[in-house]
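**Student:** There's a structure below that I have some questions on.
The values are calculated or read from the model by the stated rules, or taken from the named source; none is laboratory data. Source: prediction; values computed, not measured. Reconstructed Cβ throughout: ideal geometry from the backbone, glycine too, with neighbour counts over all protein chains shown.
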Amino acid sequence: MRDTMNADTATLAQRKPRTDMRTSDLVNQAVASVPSLGLQRAAEFLAAMNVPAEVAVRTLVYPHRRRNA
């Protein structure tokens, strides 16, 4: 029988500690700018700063999936 854990619970269980503080700082800046600049500008900033696309999408589109500092 399949485990009935939802995707969010599985994601939480699989998270690893953050090791890249530069990316963390960039993501924090982008997330903080969303209310004033918008999602697209925040995404463009992360792309320009070479933040991996999967990280940018996860943090901007799914903020509940962000890691804690």
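**Student:** Which number in (1) surrounded by fewer than 17 Cβ atoms within 10 Å (Cβ to Cβ); (2) on the phi < 0 side of the Ramachandran plot marks the one condition that Leu26 misses?
**Tutor:** Every listed condition holds for Leu26 apart from (1).
**Student:** Further question: Of the conditions (1) modelled with pLDDT under 95; (2) part of a helix (DSSP H, G or I), Ala47 satisfies every one except a single condition; which number is it?
**Tutor:** With (1) modelled with pLDDT under 95; (2) part of a helix (DSSP H, G or I) applied to Ala47, the lone miss is (1).
**Student:** Still on this structure: Return a yes/no flag: does segment 11-20 have any residue that is within 19 Å of Arg67 (Cα to Cα), in contact with a Ser or Thr (Cβ under 6 Å, 6 or more places away or on another chain), part of a loop (DSSP other than H, G, I, E, B) and modelled with pLDDT under 95.
**Tutor:** yes
**Student:** Could you grab the pairs with beta carbons closer than 6 Å, sequence gap of 6+ or different chains, first residue in segment 19-43 and under 14 Å from Pro63 (Cβ atoms), second one aromatic (Phe, Trp, Tyr)?
**Tutor:** Ala30/Phe45
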